[in-house]
Amino acid sequence: MSKPVIISGIQPTGNLHIGNYLGAVKNWVELQNSGQYEMYIFIADLHSLTGMQSAEERRKQIKTTAAELLAAGIDPKKTTFFVQSEVDGHTELGWIFNTVTHVSELERMTQFKDKSAHQEKNINAGLLTYPILQAADILLYKGQLVPIGQDQIQHLELTNDIGRWFNNRYGEFFGEVKPLLTKIPKVMSLLEPTKKMSKSLGQGHVVELADEPETIETKLKKAVTATEGGAGAPGVQNLLLLLKEFGDAKLHVKFVDDEKNGTIRYGDLKTALADAISKTFADFRKKRAEYLADEKKLQKVLKAGADNAQKVADKTMTEVRKLVGIK
Ligand code: TRP
């Protein structure tokens, strides 16, 4: 029996933060280590072209994201780990999918509407067709399960629609893809704890995996706590959630009890949390630096992953070309 194929990707648009980590990367590493799946993880650099990064910034971020994912536990021996643009097939299959997809289906995507609102001056066609490329990423490898967040569900549904539209026109070929939704904690911004933690809010809102202990401490010191409503305040709940994820269980219980009793000292909570996060990512920081210092090794890992992915992609594309009549 072959293992179910899992595929997921991440845009190289900034250093990983603890929201990305708890929301995606940690889960990928667990799925990988379970040994139950055939895993593909890639850096979605072609997707990032729809955004505003400069070429120089993009090049740097691709490298950094690769180093960070490896440092966080993506193991190239267990996972086919690669950069999207290094594999032929994503763009070609994406183009073919463009021709079976109705524009109105793309225009109703909430992420397209959100992103268009955010970059009014750059509503490029790629923003609109983005989910088509995403469908190609998945179906190129006959992906069956896609670990994603709630915000990507609509894109995954569209992936299935696109697969069906293709099949209806050219014959049964692509199978169904399912989301792999895990109970992931929703991490909120440190400074605006009613909003999801995101780099776009600003540096002070996020804790990056690469942050040095002093930086983590400084950022947490400024985190909003109970100013807006005492017990149950979102900022406090967020810090407690993070302590649960990164600290030891006893400590978490203690602070939860203290909060209930009204004896909690936010300063102590912040110190404990800063310490827990710093410790959790000590090994990450070391490995990240090592990968970034050894570009050759990094390139070698990515090349091997791309070669591996290319074989699978070629197989799919040979069949797809036949089906659509361009071979
Ligand atoms: N759109 C995803 C995001 O922004 C990244 C992505 C691109 C992706 N292609 C994918 C995720 C394929 C899963 C599968 O997070």
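Here are the numbers:
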{"item": "Single residue of Gly202, Gly175 found to be at pLDDT 95 or above, of a type in the set (Gly, Ala, Ser) and over 19 Å from Trp28 (Cβ atoms)", "result": "Gly175"}
{"item": "Unmet criterion (only one of (1) at pLDDT 95 or above; (2) within 14 Å of the ligand (Cβ to nearest atom); (3) not hydrophobic (A, V, I, L, M, F, W, C)) for Pro4", "result": "(2)"}
{"item": "Per-region count, segment 29-42, residues of a type outside the set (A, V, I, L, M) and surrounded by 23 or more Cβ atoms within 10 Å (Cβ to Cβ)", "result": "2"}
{"item": "Residue selected from segment 125-158 under the condition aliphatic (A, V, I, L, M), over 18 Å from the mean Cα position of the chain (by Cα) and more than 11 Å from the ligand (Cβ to nearest atom), by the criterion farthest from Glu30 (Cα to Cα)", "result": "Ala125"}
{"item": "Residue count, segment 19-29 (criterion: closer than 20 Å to Ser189 by Cα and either within 12 Å of the ligand (Cβ to nearest atom) or touching a strand residue (DSSP E or B) at 6+ places or on another chain (Cβ under 8 Å) (or both))", "result": "5"}
{"item": "Leu191 more than 13 Å from the ligand (Cβ to nearest atom), buried (at least 16 other Cβ atoms within 10 Å of the Cβ) and either among the aliphatic types (A, V, I, L, M) or not in a helix (DSSP H, G or I) (or both)", "result": "yes"}
{"item": "Residue, farthest from the ligand (Cβ to nearest atom), within segment 167-188, restricted to residues that are in contact with a helix residue (DSSP H, G or I) (Cβ under 7 Å, 6 or more places away or on another chain) and outside any loop (DSSP other than H, G, I, E, B)", "result": "Tyr170"}
{"item": "Given (1) closer than 27 Å to Lys311 by Cβ; (2) not in a loop (DSSP other than H, G, I, E, B), index of the condition Ser104 fails", "result": "(1)"}
{"item": "Members of segment 130-157 that are in contact with a Leu (Cβ under 9 Å, 6 or more places away or on another chain), assigned to a helix (DSSP H, G or I) and surrounded by fewer than 20 Cβ atoms within 10 Å (Cβ to Cβ)", "result": "Gln150, Ile153"}
{"item": "Search result, residues across segment 291-320 that are surrounded by 14 or more Cβ atoms within 10 Å (Cβ to Cβ) and free of Cβ contacts under 8 Å to residues at least 12 places away in the same chain", "result": "Lys315"}
{"item": "Leu70 being within 14 Å of the ligand (Cβ to nearest atom) and either part of a helix (DSSP H, G or I) or in contact with a Cys (Cβ under 9 Å, 6 or more places away or on another chain) (or both)", "result": "no"}
{"item": "In segment 207-222, residue surrounded by the most Cβ atoms within 10 Å (Cβ to Cβ) [restricted to those that are over 14 Å from Leu273 (Cβ atoms) and aliphatic (A, V, I, L, M)]", "result": "Leu209"}
{"item": "Helices (runs of 4 or more DSSP H) contained in segment 247-322 and holding at least 3 residues within 18 Å of Gly235 (Cα to Cα)", "result": "249-261, 266-280"}
{"item": "Any chance Lys77 is without any contact (Cβ under 8 Å) to a residue 24 or more places away in the chain, closer than 29 Å to Phe281 by Cα, away from the ligand (no atom under 12 Å from the Cβ) and over 14 Å from the mean Cα position of the chain (by Cα)", "result": "yes"}
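Okay, residues lined up against (1) at pLDDT below 95; (2) touching a helix residue (DSSP H, G or I) at 6+ places or on another chain (Cβ under 8 Å):
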position: Ala233; (1), (2): yes, no
position: Lys244; (1), (2): no, yes
position: Asp248; (1), (2): yes, yes
position: Ile264; (1), (2): yes, yes
position: Phe284; (1), (2): no, yes
position: Ala304; (1), (2): no, no
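Per-residue answers, yes or no, for (1) in contact with an Asp or Glu (Cβ under 9 Å, 6 or more places away or on another chain); (2) among the small types (Gly, Ala, Ser):
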{"residue": "Lys183", "(1), (2)": "no, no"}
{"residue": "Val187", "(1), (2)": "yes, no"}
{"residue": "Leu201", "(1), (2)": "yes, no"}
{"residue": "His205", "(1), (2)": "yes, no"}
{"residue": "Glu212", "(1), (2)": "no, no"}
{"residue": "Leu220", "(1), (2)": "no, no"}
{"residue": "Ala233", "(1), (2)": "no, yes"}
{"residue": "Val236", "(1), (2)": "yes, no"}
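The values are calculated or read from the model by the stated rules, or taken from the named source; none is laboratory data. Please read these numbers as outputs of a predicted model, since none were measured by experiment. Heads up, the Cβs are rebuilt from the backbone with ideal geometry, glycines too, and the neighbour counts pull from every protein chain shown.
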